[in-house]
Every structure is written in C-alpha cells, then in structure tokens.
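Asker: First the structure, which I've put down as structure tokens, then a few questions once you've had a look.
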Amino acid sequence: MAATTTARTGARVAAQASAQIKEIPYVIPAADKRFIGLHVLVAIIALSIGSLFGPLQSFEYAGVDVYPLIAPLFKSYYQGLTLHGVLNALVFTTFFITGFFTLTIMYGLKRRLSVPKLNWAGFVIMCVGLIMAAIPTLLNEATVLYTFYAPMQASVFFYLGLTLVVVGSWVEGYGFYITYYQWRKQNPGVRTPFIAFGSLLTMVMWQIATLGVAIEILTMLVPWSLGLIPGADPQLSRTYFWFTGHPLVYFWLLPAYVSWYGMLPKQAGGKLFSDSLARLSFWLFLVLSVPLGFHHQYVDPGIPAFWKWIQALLTYAVAFPSLMTAFTVIASLEYAGRKRGGTGLLGWIRALPWGDPSVSAQLLAGILFLFGGIGGIINASYNINLVIHNTAWVPGHLHLTVATAVTLSFMGIAYWLVPHLTGRKLWKPKLAVAQTWIWFIGMIIFSNGMHTVGLLGAPRRTPLGIAPYVPPEWNSRLIQSGIGGAILFVSMYLFIAVMIGTLVSKKVAAADVPAIPVAESLQDPQNTPAWLDRWAPWLAATIGLILLSYGPQLISQIANMSLTSPGFKVW
Ligand code: HAS
Ligand code: CU
C-alpha cells in the first residue's frame, strides 16, 4: 500500500515536472548563440572549400582531366579527393554536429551548459586540430584520402591534427554530460526530452566508436611516421580504422534523425508519432552501430570468414532501427499532412509545407535515403559486396547517404538555424527551395551514374580522365556522373549564397526570428516506459556486444601484429 502511494506520488511529481518543463519559455542567450554559430561557420567554410573539388572528381570520371588546369595549386586528383573527403565528410560534419548538439541539449533541457569553458576548450582544440591537419594536406604532404590507410604515410601533423579534432569533440561531449547530469539531479523521474536524449546518445556512441582511430593513430601511425617503430601493420590498422569508420556513418546520420523525429514533424505541422519508437531506435543504434565494421573488410585476407559472417548478421540488424525510423517519421508526416487537409492515399504528401526550404530539404533527403539505405543492405551481403567493393558503386552509395540524407538535412537545419542564431531573415527562401530540388535532381543523376558504372566494373578513387583505355560501355554512365556532379556544384553554391545573403541581411524584430522547432509527441513522453530512459542496461549491452564481435579478432590481430611495412608516399 505504502509502496503504491509512493509510486503514485513519484509519478505525480514527474508529471508536474514534465508540465513545468513544457511551460518554461527558454531563450538561448546571445553568448551561447554566438558559440553555436561559430561551429556552424567553421562547418560551412569547410564544406564550401571541400565542395570545390566535387566537380573535379566527377569531371575526371566523365573523361576530362581537369587537374593540369589547377596544377599550380593542387598536385593531383588524389590531393583533391583527400581535401574533398576530409573537409566534407570529417570536418563539416563534426563541427556542424557539435554545434547543433550544443543547441539541442541546451534547448531540450532548457538550461545553459554547466561548464561553458569546457565546451569552449573543446571547440578550440578542434580548431587547432583542423589547422594542424589542413596545412600538410594543402602542402600535399598528406594525400592519403579520408580513410588514411597504412602503408600510405602522411605527415605526422595530419594524424595529430585529426586526433585533436576528435579529442576536442570528446571534450565538448564531457560538457554535455555534466549539463545532463545536473539536469537529471534536479529532474528525477522526468523523461529526458527527446532532442537532448538523441544528441547525448549519439555523443556517447561517438566516444566509444572513436577509440578505434585513437588507438590506431596513437599506437601505430604517429610513432611510425616519426620513425619510432620499424613499420606499420596495414591489416591491424584497417581493423582499428573500421571499428570507427562504420559507426562514423551513424555519427553523421543520427543528428539528422534527431531533426527528422524531434523537429521535422513540428515544421510539417504535426506531432511525433511515437516517442517510444523514436527512443527505441536510438538505443538500438547505440548497441548496434559499432560491432560491425568488418563489412568494409570483406576482401581483407587476414580476417577469418566466421567473424565476417557474424558482423554481416549484425549489419543486417543495424538496418532495422532505420526501417523503424522510416515508419515512425513517415507516420508523423502523414499525421501532419492529413491535419493540413491532405486526403486520399498519398494526398497528404502534397499537403506538406513543401514551400519551406527546411522541410523540402529534409523530405527530399529522406526520399533519397530510402534508396541509399537499400544500397547499404545490398553492400552488406558478402557475395554482392565482392561485386561492388572498390567500384564507383560505393561513392554512389555514400553520396545518397552522407552527402544527401545527412548533408541535405543539415542544409535544411541551417535554413532555420542560421536565421535563429543571427536574428536575420532567411535570404531568398524560394531560391533555397529551388536549391534543395536541384540537389535532389543532381544527386539522382550522379548517383545513378555511379551505381550503374560501378556494376559494370568502373573502379572508385581512380582518375579515369587520364586512363589510356576505358570500356566504351562505361562512357554514357561516366558522362552522367559528370553532369550530375556539375548540378550538385551549382546547388551547393546556391546554398552558400543563401547563407551569405542571410548573414549580410538586416536584423529583424525578435518576433520575426524563426523559433527552434521542437515537435511534441502524440503521447505524453512521461508515458514512455522508464526502461527507454535508463542508460545502464543499454551501455552494458553495447560494451558486451562489442567485446563479443570484436574481442577475439582484436586479441588475435594484436598478438600477431607485425610492424614491418615501411611508409609509402605514392602521390
Ligand atoms: Fe553504408 C560503405 C552498408 C548506411 C555511408 N557507407 C559506405 C561508405 C560510406 C557509407 C561513407 O555493408 C564508404 C566507406 C569507404 O569510403 O569505403 N550502409 C550500409 C548499411 C546501411 C548503411 C547496411 N552508409 C549508411 C549511412 C551512411 C553510409 C547512413 C552515411 C551517413 N555501407 C555499407 C557497406 C559498405 C558501406 C557494407 C561497404 C561497401 C564496400 O565494400 O566498400 C544501413 O544502415 C542502411 C539502412 C537504411 C535504410 C533506409 C531507411 C529509410 C529512411 C528514410 C525515410 C524517409 C523519409 C522521407 C523520412 C533501411 C529512414 C519521407 C518523405 C515523404 C515525402 C513522405
Ligand atoms: Cu559501414
């Protein structure tokens, strides 16, 4: 009896607290807006430079060797490809995500960061690392592509710089955890607001995942590039790399999911269909993101087939939370479309606010991700992987995923975020809507060309513009990739133009500044089961599964490590 009364009182306190949290209006202080804005600024500058090389890669595929034209500045196709991958896939994403999470955590928990100096320190470390890695890359001393596989050997500053970017993001993460811990102490029993929860979980996943590259760089690549050890072990270094490299894709994707679940339904005029399903899919990502990097190493001879098989099964499993996401997000959008008067089987889709560039960006990103995701499931099959591995199919896949599901969603987020942070109106919203459609169309053309020419056998990461012979049946597809790449380039710089136009336009009255869109859930989040807001069991499952799927192989590869390969500078 007493226990029931206590439980009821506890539930009432939590319900009151939840009501209070909804009611408190929260405005992000100007200093914090500037801090978040700096992240976004560095991210977009990196993206604008990294994207310069995009069409150069695709023109190479189309048979036009453009590198001699820019030879005084950049030495080779490979230097351009390294800058493209590092700036777009590593730098743009990491800065944008840490900035966006600073906002989602503060706004979700309705409080300032507990130790702002710690987050500042993290940001400064990231910037120092970025400069340290950028200099050797620009000097052609680190033309090792974004995967920096040994035995290709970069300047030690490239490795140290990347390490600092990662360590800086960890430090920002510690700032988030302390903020969350203090919120939790004051709000026992209250469900963590979804946007803050999703962001914290992604950060935790990232900190576990990046242990792989941290160990790779600090125990092998740095001492090797300093000549302190006789050589590198390429097999072990690839295993460390992909321990991080696969979950890296979910570090990119989950911030977009935070927006698709936690913000887009509000922007579309509806509600999140299921708070519980949203949280469950995030927990599954925590557990399943890391232990499956071997699907990037199916062709590596040093890994026994059994472990490839185990991780192939887990790769199929990690598609599941994305399928759940497709269901929940589309259900939320249908709810919004019908509320806006949409009828019939598909009429609700037309009723969505397509004229809002932030919405159109995310909807179009989601549509292409349906195809990118199916491609991923195809890659996961050992047999089919042997057909597509190291072909142009793979950049076809990664441009639908990281370059569209993620980047186009981040553009969509920037369309409300930058006006919100700067207090200015979005410059030319109709142009912004057109930009999202141009990306969509350009990407369909580009990725279709890359996927199909990959199936015909065209290699990835190869300057076909200087190849003496290219099978004639590749030609139309290669030209298609070149055209798609040019359209994407136009779209990217329209985005940059809208961003610059917004930055230089006049400030507007506070009431006209776009609010931060946060979707309510159809059910009160307090009714979400408590086990979906409890860290310990999920963390235990995460660590357990990683030990099971990676432990034996890591032990064996480390025990048999042979540090013999000299460093090669093949560029
Ligand atoms: Fe992948 C290679 C398998 C997802 C990125 N992947 C790559 C590489 C990158 C990458 C960068 O198994 C190249 C690495 C390199 O340089 O070598 N990938 C998968 C699988 C998934 C997957 C099974 N990949 C991603 C995501 C990425 C990404 C996400 C970036 C963000 N991938 C592979 C494999 C390889 C690989 C092998 C190695 C290939 C090789 O041999 O080299 C799954 O997680 C995908 C599940 C996704 C779905 C789709 C769900 C759909 C949704 C959309 C809903 C629609 C909405 C719109 C909201 C099942 C959620 C509605 C709109 C309306 C208007 C109604
Ligand atoms: Cu992967």
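Here, each number is a calculation from the coordinates, and none is a lab measurement. Note that the coordinates shown come from a computational prediction; the quantities given were computed from them, not determined experimentally. Positions of Cβ are generated from backbone atoms using ideal geometry, with glycine treated the same way; all protein chains shown enter the neighbour counts.
Asker: No solvent, one uniform scatterer per C-alpha: report log10 I(q)/I(0) for the stretch 448-487 via the Debye equation at q = 0.30, 0.32 1/Å, two decimals.
Answerer: Reported log10 I(q)/I(0), two decimals: -1.20, -1.30.
Asker: Can you list residues whose amide H is under 5 Å from LEU272's amide H, if they're 5+ apart or on another chain and H is modeled 1.01 Å from N?
Answerer: Residues meeting the criterion, in which the H sits 1.01 Å from N, are GLU520, SER521, LEU522.
Asker: Please list 3J(HN,Hα) in residue order for the stretch 314-321, calculated via the Karplus relation 6.51 cos²θ - 1.76 cosθ + 1.60 where θ = phi - 60°; whole Hz, with x for glycine and proline.
Answerer: 5, 5, 5, 5, 6, 6, 4, x
Asker: Would you list SER76, SER476, SER274, SER58 from fewest to most Cβ contacts within 10 Å?
Answerer: SER476, SER76, SER274, SER58
Asker: I would also like to ask the following. With the contact rule set at Cα under 8 Å and sequence spacing of 6 or more, what percent relative contact order holds for the stretch 42-168?
Answerer: 29
Asker: Additional query: Using Cα positions and a limit of under 24 Å, work out the lysines in reach of LYS75, with same-chain residues fewer than 8 apart set aside.
Answerer: Output for LYS75: LYS569.
Asker: Follow-up. Holding the Cα-Cα limit at 23 Å, pick out from LYS266/LYS430; LYS117/LYS507; LYS33/LYS271; LYS33/LYS117; LYS271/LYS507; LYS110/LYS266 the pairs that are longer than that. Display every interim value, and only then the final one.
Answerer: Numbers: LYS266/LYS430 21 Å; LYS117/LYS507 29 Å; LYS33/LYS271 26 Å; LYS33/LYS117 15 Å; LYS271/LYS507 31 Å; LYS110/LYS266 18 Å.
Going by Cα-Cα distance, LYS117/LYS507; LYS33/LYS271; LYS271/LYS507 fall outside the 23 Å limit.
Asker: Another question, then. With all distinct Cα pairs included, what does the Kirkwood hydrodynamic radius of the chain come out to in Å, to one decimal, could you say?
Answerer: After inverting the mean inverse Cα-Cα distance, the result is 24.5 Å.
Asker: Cross-link candidates for LYS428: which aspartates and glutamates have Cα within less than 17 Å, leaving aside residues fewer than 8 places away along the same chain?
Answerer: Excluding near neighbours in sequence, the set is ASP356, ASP512.
Asker: Any chance you could get the radius of gyration and Dmax over the Cα atoms of the stretch 223-373, in Å?
Answerer: 20.2, 69
Asker: Further, regarding this structure: How tilted is helix 194-209 with respect to the longest principal axis of the chain? Cα atoms for both, answer in degrees (0 to 90, nearest 10).
Answerer: 30
Asker: Fewest to most neighbouring Cβ within 10 Å: what's the order for ASP233, ASP32? Write out the running numbers ahead of the final one.
Answerer: Numbers: ASP233 23, ASP32 19.
Ordered from fewest to most neighbouring Cβ atoms within 10 Å, ASP233, ASP32 come out as ASP32, ASP233.
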